[in-house]
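What follows is a short report on a single structure.
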Amino acid sequence: MDTSKHTVISTQEMPIVTIPNAANLASALDFFSAVRDLGEPVVHTFNGAMETYVINDPEMIRQIFVTKQGHFIKGRGLQEIRPLVGNGVLTSEKTEHKTQRAMMQPHFNMAHIGTYTDKMVEMTLQTMDHWQEGEVRDTTDDMMEITMDIITHTMFGTSVKEFIEEIRESMHVALTKFSARVREPHKLTAADEASMRQAVVTLNTVIAKIIEDRRQHPQEGSRDLLSILLRTGMSDEELRDQVMTIFLAGHETTANTLAWTWYLLSQHPEVEQKLWHELDTVLGGRPATYEDYNKLTYTHLIIQESMRLYPAAWVVGRTVDEDVQIGNYQFSKGQNVSMSQWAMHRNPAYYDRPDAFLPERFDGDLLKRIPSYAYFPFGGGPRVCIGNNFALLEAALVLATVGQRYKLVLEDADQLEPEPLITLRPKNLRMRVVKR
Ligand code: HEM
């Protein structure tokens, strides 16, 4: 293919590429790696359900996220979860998105997020109190419980812990079925559709409880997100959409990131030792405070490297809304583009030993040496994750708080599987809780 400077390539004329061995690829993750390994900036693919142009070039990704973002709307994956998150800040578009984002942004600035430190630590300690030393637990579920407690307490000043089983179940149904809608719609049965609707009803009930709680017990002077949303006078439906969006986007991804991090630590005792050393030196056995956060530098490297290898958002899509040229390629309205953090973060062109877990690689100028969108766990541009600072603080504090007390040891390693749905979660992550 000619990608010389002045030739503009019409994507409409690009043939659909057949991925060698596609039938034998275990998962969508392998599919995106195989597409990357073709060595082309853009690959036109069709997986039987969705036609998309996979973008493998960081500079083109930058244009899609930043300079030419106005030509795109959110992709199919997020369109499909609208029944769940409605028209909240994750899914809304154009001026509506701009208004919603501007209203919420101050709430996510570091100065404000920092005030949640004690709550984050407290919620982690509380959940850990129910763990028995020596028992084998599902670490993904545990991390989900902690991050759910944290998001509901910090953003909405309430708890939904009593519904945790229903929430877990409904989230799993929603995530599996909604992503099947994108990838394997022909396989969805009437029963699947019914369970999807039921999951939405259950989650709606939880969100309604959060809102009702506050309406019944207004908190004078409260500065949490829910009070800000209530003060804007938005309709019940708009309110539901925003609360559901923050509830879902605000706990699933961080939980998966933490779960993957525990898995990686269990496989790398030398990294685990260094983490413990840092925790003992900086914290000396006391709970972490906001002042400690910037001192937990190795903890932060571990999280960066964990998000490189197991990015919770493993693929992001956009749909072309207005014809646009990206790099040398001409795209037309209605086409889909996909950008995979999974494939990019393991690209040997940017990372030595791409599959190895080496937190030290981020200690230095790596992020300055590689193109900016060779690492994009939080996306980019005006639609960059609004919760990125929140997530990084939370991940560090949970890691530090659990890591001060316990070591998690992988059991039933052969059962563990990456489950690439809308997010990338470790399925069957069974770990034994051992006192350090
Ligand atoms: C490690 C944890 C997290 C990861 C990896 C992550 C990743 C992402 C990514 C990649 C996007 C961009 C999606 C796109 O461009 O289509 C995004 C958007 C978003 N995230 Fe996160 N996220 C995390 C944590 C959080 C948290 C803790 C919150 C809330 C407290 C949150 C709320 C949101 C919202 C509201 C958006 C939509 C922003 C917009 O479109 O303006 N995320 N996230």
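Can you tell me which residue in segment 372-403 is surrounded by the fewest Cβ atoms within 10 Å (Cβ to Cβ), limited to those that are hydrophobic (A, V, I, L, M, F, W, C) and farther than 23 Å from HIS153 by Cβ?
Per the stated criteria, the residue is VAL384.
Condition (residue is out of contact with any Phe, Trp or Tyr (no Cβ under 6 Å at 6 or more places or on another chain), away from the ligand (no atom under 16 Å from the Cβ) and either touching a residue at least 12 places away in the same chain (Cβ under 8 Å) or in a loop (DSSP other than H, G, I, E, B) (or both)) applied to segment 373-381: is it met by at least one residue? Talk me through it step by step, then tell me what you get.
Initially, segment 373-381 is screened for residues out of contact with any Phe, Trp or Tyr (no Cβ under 6 Å at 6 or more places or on another chain), giving 373, 375-379.
Checking which are away from the ligand (no atom under 16 Å from the Cβ) leaves us with none.
Among the residues of segment 373-381, not one is out of contact with any Phe, Trp or Tyr (no Cβ under 6 Å at 6 or more places or on another chain), away from the ligand (no atom under 16 Å from the Cβ) and either touching a residue at least 12 places away in the same chain (Cβ under 8 Å) or in a loop (DSSP other than H, G, I, E, B) (or both), which makes the answer no.
Quick check on my filter: what residues within segment 185-230 are hydrophobic (A, V, I, L, M, F, W, C) and without any contact (Cβ under 8 Å) to a residue 12 or more places away in the chain?
Residues satisfying the conditions are LEU188, ALA190, ALA191, ALA194, VAL201.
Would you be able to say whether some residue in segment 61-76 is under 30 Å from LEU399 (Cα atoms), in a helix (DSSP H, G or I), at pLDDT below 95 and not acidic (Asp, Glu)?
Let us first name the residues in segment 61-76 that are under 30 Å from LEU399 (Cα atoms), namely none.
The answer is no; no qualifying residue exists.
On the given criteria, is THR117 buried (at least 18 other Cβ atoms within 10 Å of the Cβ) and part of a strand (DSSP E or B)?
Taking the combined requirement at face value, the residue does not satisfy it.
Check off (1) under 30 Å from LYS427 (Cβ atoms); (2) crowded, with 19+ Cβ neighbours inside 10 Å; (3) of a type outside the set (A, V, I, L, M, F, W, C); (4) away from the ligand (no atom under 16 Å from the Cβ) for TYR329 and give me the number that stays unchecked.
All conditions pass for TYR329, except number (1).
Out of the residues in segment 127-143 that are under 30 Å from LYS74 (Cα atoms) and touching a residue at least 60 places away in the same chain (Cβ under 8 Å), state the one that is farthest from the ligand (Cβ to nearest atom).
Just the residues of segment 127-143 that are under 30 Å from LYS74 (Cα atoms), to begin with: 140-141, 143.
From the residues that got through so far, the ones that are touching a residue at least 60 places away in the same chain (Cβ under 8 Å) too are 140, 143.
Numbers: THR140: 14, MET143: 11 Å.
That would be THR140.
Test THR124 against the stated conditions and say whether it is within 27 Å of GLU419 (Cβ to Cβ), in a helix (DSSP H, G or I) and touching a residue at least 40 places away in the same chain (Cβ under 8 Å).
So THR124 passes the test.
For residues in segment 70-88 being over 17 Å from ASN204 (Cα atoms) and within 12 Å of the ligand (Cβ to nearest atom), which is surrounded by the most Cβ atoms within 10 Å (Cβ to Cβ)?
So, considering only residues that are over 17 Å from ASN204 (Cα atoms) and within 12 Å of the ligand (Cβ to nearest atom), the one surrounded by the most Cβ atoms within 10 Å (Cβ to Cβ) is PHE72.
Go through segment 231-249 and give me each residue that's outside any helix (DSSP H, G or I) and among the hydroxyl-bearing types (Ser, Thr, Tyr).
THR232, SER235
The values are calculated or read from the model by the stated rules, or taken from the named source; none is laboratory data. All values reported here derive from a predicted model rather than from experimental measurement. Glycine also receives a Cβ, built like all others from the backbone with ideal geometry; neighbour counts cover every protein chain displayed.
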